[in-house]
Amino acid sequence: MILAIDTSAGSAVAVVDRDGGVLAECTVADTRRHAEVVGVLIDEALRAAGVAPTELSAVVAGVGPGPFTGLRVGIVAARAFAFGAGVPCLSVGSHDAVAFERLSGAAGRSVSEAGGRLDEPLVVVTDARRREVAWSAWAGLDDDGLPVRVAGPALVRPADLDEATGASSSSPRTDPDATVVSAGALGMLAERLFEHGRAFAADEPLYLREPDVTPSAGPKKVGR
């Protein structure tokens with residue numbers, strides 16, 4: 001069983017099982033209260049699933065793309081919980097989870113039950129704030145039922161999305177104002193990656209934007 005955590009947009013926590021599907025999922029849509037709610041959501045999800053931390057085989061963190069402050073809360077929470085439970089912490093792209101859910105209809109279903117439309121393209125678009133969106137383009141699912149990314153993730157202004165997506169500009173898109181990242185889909189994607197021996201995402205967050213504060217190049221000179 002896997003505990004999945006994503007705070008790339010709102011806050012979402014789920015407990016999933018390869019054969020049983022999504023056992024419990026708890027979400028808070030607020031994009032500014034990640035630190036206040038993530039611990040509560042972890043407790044609620046484990047209680048709703050009737051699962052103890054000792055029964056988990058891994059914790060999965062959604063690594064974005066997403067805003068710096070919110071995204072790091074979920075990643076830190078996942079790493080801390082995994083350390084305490086003595087299990088590995090794995091990384092999965094948040095856009096990958098959206099694509100997996102939309103293309104396979106896998107949310108809430110076991111790995112063996114989830115089907116897939118292998119040749120359906122999709123552009124996942126999420127709100128990146130500051131009048132920008134983050135996007136990734138997908139060609140569909142491969143033979144293992146895993147989403148095939150062909151471009152992105154990248155940042156762009158909404159008016160420039162067609163030009164940025166190029167050949168994928170006519171593909172179906174998700175609505176950035178309504179696209180949410182399901183922790184259940186994140187966890188089920190992790191189960192499928194593990195099942196087929198596929199690589200997980202790099203163990204680092206996808207910020208796509210430089211932090212607002214950067215260290216100075218050297219010591220500040222003090223005048224007399």
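A quick yes/no check of all residues on (1) surrounded by 12 or more Cβ atoms within 10 Å (Cβ to Cβ); (2) in contact with a His (Cβ under 6 Å, 6 or more places away or on another chain); (3) in a helix (DSSP H, G or I):
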position	(1), (2), (3)
T165	yes, no, yes
S171	yes, no, no
D177	no, no, no
L186	yes, no, yes
A190	yes, no, yes
L193	yes, no, yes
A199	no, no, no
D203	yes, no, no
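Would you confirm whether or not segment 48-58 contains a residue that is surrounded by 22 or more Cβ atoms within 10 Å (Cβ to Cβ), among the aliphatic types (A, V, I, L, M) and in a helix (DSSP H, G or I)? No, every residue in segment 48-58 fails to be surrounded by 22 or more Cβ atoms within 10 Å (Cβ to Cβ), among the aliphatic types (A, V, I, L, M) and in a helix (DSSP H, G or I).
Before we move on, is T54 under 14 Å from the mean Cα position of the chain (by Cα) and hydroxyl-bearing (S, T, Y)?
Values: under 14 Å from the mean Cα position of the chain (by Cα): no; hydroxyl-bearing (S, T, Y): yes.
No, not satisfied.
Listed by first and then second residue, the pairs linking a residue in segment 13-41 that is closer than 20 Å to E55 by Cβ and in a strand (DSSP E or B) to a residue that is at pLDDT 95 or above and among the charged types (D, E, K, R), with Cβ atoms under 7 Å apart and 6 or more places separating them unless they lie on different chains, are A14/E25; V16/E191; L23/D17; C26/E44.
Across segment 144-158, a minimum of one residue is classified as assigned to a helix (DSSP H, G or I) and either at pLDDT 95 or above or under 19 Å from the mean Cα position of the chain (by Cα) (or both).
Yes/no per residue for (1) surrounded by fewer than 24 Cβ atoms within 10 Å (Cβ to Cβ); (2) under 30 Å from D160 (Cβ atoms); (3) at pLDDT 95 or above:
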| site | (1), (2), (3) |
| --- | --- |
| G62 | no, yes, yes |
| A78 | no, no, yes |
| G86 | yes, no, yes |
| G93 | no, yes, yes |
| V111 | yes, no, no |
| R117 | yes, yes, no |
| D127 | yes, yes, no |
| R130 | yes, yes, no |
| W135 | no, yes, yes |
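Cβ separations smaller than 7 Å between residues 6+ apart or across chains give the following pairs from segment 137-163 residues that are free of Cβ contacts under 8 Å to residues at least 40 places away in the same chain to residues that are surrounded by fewer than 20 Cβ atoms within 10 Å (Cβ to Cβ) and polar (S, T, N, Q): A137/S171; D162/S169.
The values are calculated or read from the model by the stated rules, or taken from the named source; none is laboratory data. Keep in mind that what you see is a predicted model, and the values were worked out from it rather than measured. In this analysis, Cβ positions are derived from the backbone assuming ideal geometry, glycine residues included, and neighbour counts consider all displayed protein chains.
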